[in-house]
1. So for the range 10-432, taking the charge dipole from beta-carbon charges (+1 Lys/Arg, -1 Asp/Glu), which of Phe364, Cys187, Ala75 sits furthest toward the positive end?
2. If r is the Cβ-Cβ distance from Ile119 to Arg339 and R0 is 45 Å, what FRET efficiency results, to the nearest 0.05?
3. Less than 14 Å Cβ to Cβ from Leu376, Lys/Arg counted +1 and Asp/Glu -1: what total charge do the surrounding residues give?
4. Could you give the size of the charge dipole of the range 297-385 about its Cα centre, using +1 on the Cβ of each K and R and -1 on the Cβ of each D and E, expressed in debye and rounded to the nearest 20?
5. Arrange Thr318, Thr259 by Cβ neighbour counts within 10 Å, fewest through most, would you?
6. In the range 374-437, what trypsin sites (Lys or Arg not before Pro) fall in a loop by DSSP, with at most 14 other Cβ atoms inside 10 Å?
7. Rounded to two decimal places and with Rh computed the Kirkwood way over Cα pairs, what is Rg over Rh for the range 272-344?
8. Lys/Arg Cβ at +1, Asp/Glu Cβ at -1, dipole of the range 10-432 taken about the Cα centre: which of Val425, Ile400, Ile53 is farthest positive-ward?
Amino acid sequence: MSKRDSFSSKFGVIAAAAGSAIGLGNIWRFPYVLGENGGGAFFLIYLFFIVSIGIPVMLSELVIGRRSQSSIFGAFKVLCPGVSFFQVVGVMGVAAAFLILSFYSVVAGWTVEYTVLAIGNQLSDKTPEQLSVLFQDFSTSLWRPIFYLVVFMFLTAGIVIGGVKNGIERYAKILMPVLFLIIIILCVKSASLSGAVEGFKFLFQPDFSKITGNVVLEALGQAFFSLSIGMGAIATYGSYVQKKENLVHAAVSVSMVDTLIAVLAGVAIFPAVFAFNIQPDAGPGLVFVTLPNIFNQMGGGYFFSVAFFVLLLIAALTSSVSLLEVVVAYFTDELKMSRKYATLLGTILMIVLGVFCVIYPKLFDAFEWTSSNLLLPLGGILISVFIGWFLGKDKVKEEIEAHGGKVVILNVFMVIVKIFAPIAVALVFMKNIGLLG
Ligand code: PHE
């Protein structure tokens, strides 16, 4: 057997996992879902889920991946040969990867379109109303969104074919820090607009009367989606992590960076939303109708708009790569296909689904809802139950304490994955199907 491809450095692991986590989920989805779910209260619940469930599930995935040295599908066979039930996580993960990547590639296609518009300087002379109409016209048209989603999927496939070290790691390492910088500049500009205060209030002042079962479920789904957890993407990366790396450190830092970027995206967007009179609950177009207005008010707006959309595109790519990688790992590890063939097959299937999402927006919504609010949290429960009840504490200990970690970390982690996370997610589900009144 050939040696499993692996990340060459610690920064490579963190950068690749952060590359998976940071993407449209932070910059496109977080602000729009927050806007639809009442603002500050959603934000607090989201943060609570990131810390209490997100980080532990991410760590669980890293443990599963590294311990099994296998993709999520084979992982449970290696780790717990007697219990075949958990293989359902792999199946759900591959299904989630298909669903997510099909709508993700549509939104990424919008990003390609906006990159092209920004380069052609076609966003700069528009009023806020014109920018809304522009987005509306484009996103409801047919051929351009389809064309750009195909372009995006082939870019993704190109990176995945290159393999882990040459593809994923190399791109993620250099580009994420640049994106970070641009978002900070956008935050500063947005905060200085007149009327910005309202945006800060919306984002940071929780109105607890807005909390409903649905808001809690959306916050949970967004936490899973944003961290890329619950479907094996992080586990697949975990299988490329060398024994000497500290997994606790990786899980915590990736989650923190991911959350920071989402918060910064919120700070960049909501002050501008209120300053330009855009509806905070405008839905999936929110980022695309809001940000060009900020660029238009900035010195060097042309440069920043081009740079921003290019980098957002790259952030989307480093995430879509991890999604496609789940499918490719399944095709290659389980079905013994060659990497090239697996990538091409996966890509073509995703494109077909993506085209359906463009033609039927209801399908787009259904895929988005099912994957983030159902499949990922459900996968998350199973992953934590597996770590908590089936893998065995001594093995977990070996993985997470190899670097002299504190006993208390292990104990808290075990209580969360054994009891807290499964019960919390189950309660959120039960509330939403009316079982808790
Ligand atoms: N976390 C990614 C983002 O925020 C999306 C993603 C979800 C990637 C699930 C992999 C798995 O854009």
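1. Ala75
2. Working: r = 33 Å, r/R0 = 0.73.
After rounding, the FRET efficiency stands at 0.85.
3. Details: positive: Arg29; negative: Glu61, Glu218, Glu368.
The answer is -2.
4. Working: 4 positive and 5 negative charges, 39 e Å.
Using only the charged Cβ atoms, the result is roughly 180 debye.
5. Numbers: Thr318 28, Thr259 23.
Taking fewest neighbouring Cβ atoms as first place, the list is Thr259, Thr318.
6. Values: sites: Lys393, Lys395, Lys397, Lys406, Lys418, Lys431; in loops: Lys406.
Within the range 374-437, the qualifying trypsin sites (Lys or Arg not before Pro) (loop, at most 14 other Cβ atoms within 10 Å) are Lys406.
7. Numbers: Rg = 19.0 Å, Rh = 15.1 Å.
Taking Rg over the Kirkwood Rh, I get 1.25.
8. Of the options given, the answer is Ile400.
Bear in mind these aren't lab numbers, they're just calculated from the coordinates by the rules spelled out. From a predicted model like this one, the values you see are computed outputs, not experimental measurements. No Cβ is skipped: glycine too gets one built from the backbone with ideal geometry, and neighbour counts run over all protein chains shown.
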